[in-house]
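Just below is one structure, and these are the notes that go with it.
A short reminder: the numbers here are calculations on the coordinates, not readings from a lab. Quick caveat: nothing in here was measured; it's all calculated off a predicted structure. Heads up, the Cβs are rebuilt from the backbone with ideal geometry, glycines too, and the neighbour counts pull from every protein chain shown.
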Amino acid sequence: MAADMNLILKVLELVFGLVAWALLASVHGFWAWGGQHWVMFVLVTCWVVTLLLLILSKAGIFSNDTVDVIYAVIAALCYITAAIVQCVNADRHNWGHHYWGNPVFDRHAAAAAFAVFTCILYIVDAVMTFKGKGKQILPK
């Protein structure tokens, strides 16, 4: 069951990360403000590394719980900084359109929300991998 849960978490990380990436890419460019490049870097890099670790793990080429925990913690930290930057940038695009909606603000806000959800998934992944299978994965 632990392997199934690990696979489910990795797939959810990939899906939520891809949605955040797509939402940000849809308004990235002319509307890119300070920090947007950091957010895009985090989204793309974590997505690619997660996909690579998933493929290597499921193919039996490489699987190491210590590496998975360290990566999940680093990814969660990067994602939380990216989510904070994205929330600030979303607020910049809320030009007082409180009633009629603003598609740029909506996409930035949705990308920030998916970044937060993905961060939570990475935290859950780190905790479950750390506590998984009753074995110690960090050296004494």
Q.
Sort 64-71, 16-23 by packing, meaning the average of other beta carbons within 10 Å per residue, with the highest value first.
A. 16-23, 64-71
Q: Would you kindly state how much longer the chain becomes between residue 38 and residue 5 on full extension, computed as 0.36 nm times their sequence separation minus their alpha carbon distance, in nm to one decimal?
A: 8.9 nm
Q: Show me 112-125, 42-55 ranked by packing, highest mean number of other Cβ atoms within 10 Å first.
A: 112-125, 42-55
